[in-house]
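Since the structure comes first, as structure tokens, the remarks are kept for the end.
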Protein chains: 2
Amino acid sequence: MPTFSVPDLQALSLQILNAAGVPTADAEIVAKELAEANAVGHDSHGVMRLMQYMQMIDDGFVRLGAKVETVRSGGSFTILDANFNFGQVAANLAVERGVELARNVGTATVMIRNCNHVGRLGSYSKKAAEQGCTTTMAVNAPGPGGVAPFGGIERKLGTNPISMSAPWRNSSLVLDMTTSASAEGKVRVALQKGDQVPEGWIIDVEGNPTTDPQKFYDGGALLPLGGPLGFKGSGMSMMIDVFSGMLSGSGICRTDLPRGANGVWMYFVDVKQFIDRAEYDALMETYVESLKSCRRLPGVEEILLPGEIELRRDAQRRAEGVSIPDETWRQINELADRLGADLSDFND
Amino acid sequence: MPTFSVPDLQALSLQILNAAGVPTADAEIVAKELAEANAVGHDSHGVMRLMQYMQMIDDGFVRLGAKVETVRSGGSFTILDANFNFGQVAANLAVERGVELARNVGTATVMIRNCNHVGRLGSYSKKAAEQGCTTTMAVNAPGPGGVAPFGGIERKLGTNPISMSAPWRNSSLVLDMTTSASAEGKVRVALQKGDQVPEGWIIDVEGNPTTDPQKFYDGGALLPLGGPLGFKGSGMSMMIDVFSGMLSGSGICRTDLPRGANGVWMYFVDVKQFIDRAEYDALMETYVESLKSCRRLPGVEEILLPGEIELRRDAQRRAEGVSIPDETWRQINELADRLGADLSDFND
């Protein structure tokens, strides 16, 4: 497997996106998000997505260079229409607007409608946290998703993820989770590897519990978070449909939108207007110390904070580089050839 | 078991609270919250709490008539200090302030510090929803709670509940859940009845899974929501500690505060400024229809929406009355005698 530095992953993504006709400013944003997903260890959201994104361009799902417009705004909120540009473009703008507005009035809410795949929610909530905001962010799928409501068999809900973040030292705590037992991508990875998925993730088309990932693709469904307490994950997913889908204007139960045309809800709190930052930092240290000192189950080396795994992997991969599977690298080169992008600097 | 109308439960609670010296305006709020908890079927938060609240007054945990003060505010937020008055008094004021501010600037955030037990979160988020707001509300415990972080054995987190609500027809959807597998109250109920608790709720003092509720009180801990995916419930609980505890100023890891001196975070969105209400209502009907039409697991009669059980129980109990266990009724009468409250109207 070839290994690349994070800046190289970003540079080669940029070349491909540029060759595909993505305007440079937008291509730079998307390339950076892809490389950063690899850096923190979420390879499923990294450069392997280039092939999918090209397909979305070819299929007309991504509208290159579409302007992200402000639809409505008020004293403490803004609603953006991404107009089916890359979700990363709209979500980055939303962070910029949200942080600015929160600095003015203490908090901000930014909604995005008609937003394509944004990638990792944690990427955006983290950016805002590093600018001094605690945040909540959630995304819904306006069409039928892959998740059955609690007690149901049929796919009616998206994996409707939620992220929450908070400044911590020079970095941030970042929770980033689906309200389903698992993301669909993890089921796909298991299928491709020939593995079973853990119990409690999926049911088959008849509603029977199964660990065979193929059963999900044969009409099964993901289960909501919580197992026997799945009414909690299910209920949270429904409320995210209301916040992210209805209030953004993206909607729900729609079949007239491109795949991935998500609704996004972001909420920002400017910490220093609520509590002096020095006091906040001191509280955070006391809290982290309390959690880290917790007695642990056998085999558990450390109590981890939200996003701590990603922080460590980011440091490691920026130092050591990121290995890209041979097949992914082959597909990226094939794509580059087709588009006329020159990746010779990255092939040695 | 004697049966009472909801207004009678409220009236007798008011008499007792008045006799205990609670100022009338505050007593009316607390009495209403207690009766309404019984109405929706959450008897654990109903009139049986009167005895506990009297104890809290006697112990100086509740400061009668303390003024709820505004500590800080900005364009889109307010921080209240409940000064250890009843939590219900501060939380009702927070709803009033939040709805008003959201109507002005689109959204509002209200924090409460030094807030005693507020009762059911869903009661407040519901009130705001019925005034046209979607809401998020979370409460943290500033001191050691009853929940172990994922991978841990020791109690380090509160049950840190979260509620989300949204207007629906003339009523509302109301999610109201702990981020732990269960509330502590349910473990206590099992203990008193001599029942076991379901698997996955608690561990004993050594971290072993157990279904014996006594083991919780012998130094065990509640588990976070999610079972093998408990890092999700655990992570959400930690973020609630940041939002509700740190940003409110109530703090975390404190041992210098009275029991139940919680931090509260409330977030309000004025729906009609985000989306025309008629369009919202139409989306909601389509969504509910989609969920209700879901194929179901054997034995499941209906896919339930967040808070739907409470809505139905409320209608039923307001029509048929609420049965109060003999022992609870005996304790209430004993309390009334001690305080010199006249409950003869309710004893026949």
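The values are calculated or read from the model by the stated rules, or taken from the named source; none is laboratory data. None of the values given here were measured: they were computed from a predicted structure. In this analysis, Cβ positions are derived from the backbone assuming ideal geometry, glycine residues included, and neighbour counts consider all displayed protein chains. Heavy atoms of the whole protein, side chains included, go into the accessibility calculation; ligands, DNA and RNA do not. Shrake-Rupley method; radii C 1.70, N 1.55, O 1.52, S 1.80 Å.
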Item checked: Binned Cα-Cα distances of the protein assembly as shown, short to long, each 20 Å bin given as a whole percent -> 18, 52, 26, 4, 0
Check: How much area per residue is accessible in the range A:178-317 when the probe is 1.4 Å and only protein heavy atoms are counted (Å²)?
Finding: 42 Å²
Margin query: Below 12 angstrom from the Cβ of A:SER163, what's the summed charge of the other residues (Lys, Arg +1; Asp, Glu -1)?
Written below: +2
Check: Rounded to the nearest 500 deg cm²/dmol, what is the calculated helix-only ellipticity per residue at 222 nm for the protein assembly as shown, with -39500 (n - 2.57) per DSSP H run of length n ≥ 4?
Finding: -12500 deg cm²/dmol
Next item on the list: Would you mind counting up the charge near B:ASN38? Only other residues with Cβ under 14 Å from its Cβ, with Lys and Arg at +1 and Asp and Glu at -1.
Entry: -1
Check: In the full protein assembly as shown, how much of B:ARG120 is accessible to a 1.4 Å probe, in Å² to the nearest 10?
Finding: 30 Å²
Notebook entry, point to check: What's the average, rounded to a whole number, of partner chain beta-carbon atoms within 10 Å of each residue's beta-carbon in A:280-287?
Noted result: 4
Margin query: For the range A:168-229 and the range A:22-101, what is the centre-to-centre distance using only Cα atoms, to the nearest Å?
Written below: 25 Å
Check: Taking every residue in B:147-154, how many Cβ atoms of other protein chains lie within 10 Å of its Cβ, on average?
Finding: 6
Notebook entry, point to check: What aspartates and glutamates could a cross-link reach from A:LYS292, if we take a straight Cα to Cα line under 14 Å and drop same-chain neighbours fewer than 8 places away?
Noted result: A:GLU301, A:GLU302, A:GLU308, B:GLU154
Check: In Å² (nearest 100), what accessible area is buried between B and A, both sides summed, heavy protein atoms only, 1.4 Å probe?
Finding: 6900 Å²
Next item on the list: Report the closest approach of any chain B C-beta to the axis of the B-to-A rotation: residue and distance, in whole angstrom.
Entry: B:SER76, 2
Checklist line | Relative intensity, log₁₀ I(q)/I(0), of the range B:66-135 from a Debye sum that treats every alpha carbon as a point, q = 0.12, 0.15, 0.25, 0.26 Å⁻¹ | finding: -0.28, -0.43, -1.11, -1.17
Next item on the list: Under 1.5 on a/c is rounded, so check that first for the range B:244-288, then, if it is not, pick prolate when a/b is larger than b/c and oblate when it is not; a ≥ b ≥ c are the square roots of the alpha carbon gyration tensor eigenvalues.
Entry: prolate
Next item on the list: Could you work out the relative contact order of the range A:62-277, using alpha carbon pairs under 8 angstrom and six or more residues apart, expressed as a whole percent?
Entry: 25 percent
Item checked: Nearest-0.05 FRET efficiency for A:GLU301 and A:GLN55, computed from C-beta distance (R0 35 Å) -> 0.25
Check: Taking R0 as 56 Å, what's the FRET efficiency between B:THR3 and A:SER73 from their Cβ-Cβ distance, rounded to 0.05?
Finding: 0.60
Checklist line | Solvent-accessible area per residue, Å², over the range B:46-130 with all protein chains present [probe radius 1.4 Å] | finding: 32 Å²
Next item on the list: Quote the accessible area belonging to A:VAL6 in square angstrom, nearest 10, computed with a 1.4 Å probe and with ligands, DNA and RNA left uncounted.
Entry: 10 Å²
Next item on the list: Any chance you could check the range A:61-89 for residues losing 40 Å² or more of accessible area when the partner protein chains are in, compared with the chain on its own (1.4 Å probe)?
Entry: A:ARG72, A:SER76, A:PHE77
Next item on the list: For the range A:11-68, build the convex hull from the C-alpha positions and give me its volume per residue in Å³.
Entry: 78 Å³
Margin query: Less than 14 Å Cβ to Cβ from B:ASN262, Lys/Arg counted +1 and Asp/Glu -1: what total charge do the surrounding residues give?
Written below: +1
Check: Over the Cα atoms of the range B:139-227, what Rg and Dmax result, in angstrom?
Finding: 14.4, 49
Next item on the list: Consider all pairwise Cα distances in chain A and report the whole-number % of them above 33 Å.
Entry: 30 percent
Margin query: Defining a contact as two alpha carbons under 8 Å apart and six or more residues distant in sequence, what relative contact order in percent does the range A:107-209 show?
Written below: 22 percent
Next item on the list: State, to one decimal in nm and shortest first, how far the label point of B:ASP337 sits from each corresponding label point in the other identical copies (label point: 7 angstrom along Cα-to-Cβ).
Entry: 9.4
Check: Of the beta bridges DSSP finds with both residues in the protein assembly as shown, what % are antiparallel, to the nearest 5?
Finding: 85 percent
Next item on the list: Could you please put A:ILE252, A:ILE57 in sequence from largest to smallest accessible area, using a 1.4 Å probe?
Entry: A:ILE57, A:ILE252
Margin query: Under the rule a/c < 1.5 gives rounded, and otherwise a/b versus b/c splits prolate from oblate, where does the range A:184-340 land using the Cα gyration tensor?
Written below: rounded
Check: Can you put B:SER293, B:SER244, B:SER5 in order of accessible area, largest first, using a 1.4 Å probe?
Finding: B:SER293, B:SER5, B:SER244
Note to self: Just want the answer: with Cβ charges of +1 for Lys and Arg and -1 for Asp and Glu, which residue in A:GLY227, A:LEU101, A:GLN214 is farthest toward the dipole's positive end in chain A?
What the structure shows: A:LEU101
Next item on the list: First compute the accessible area of the protein assembly as shown with a 1.4 Å probe, then give the percent of it belonging to carbon and sulfur atoms.
Entry: 49 percent
Check: Looking only at A:GLY194, A:GLY227, A:GLY245, which one moves most when chain A is put into a Gaussian network model with springs between Cα atoms under 10 Å?
Finding: A:GLY194
Check: When the C-alpha atoms of the range A:1-131 are aligned to their principal axes, what extent does each axis show, in angstrom, from largest down?
Finding: 50, 32, 21
Notebook entry, point to check: Hey, if we sort B:PHE216, A:PHE346, B:PHE231 by accessible area with the 1.4 Å probe, largest down, what's the order?
Noted result: B:PHE231, A:PHE346, B:PHE216
Item checked: Copies compared at A:PRO325 - label distances in nm, ascending, label defined 7 Å from Cα in the Cβ direction -> 5.6
Check: Averaged over A:292-298, how many beta carbons belonging to a partner chain fall within 10 Å of each residue's beta carbon?
Finding: 6
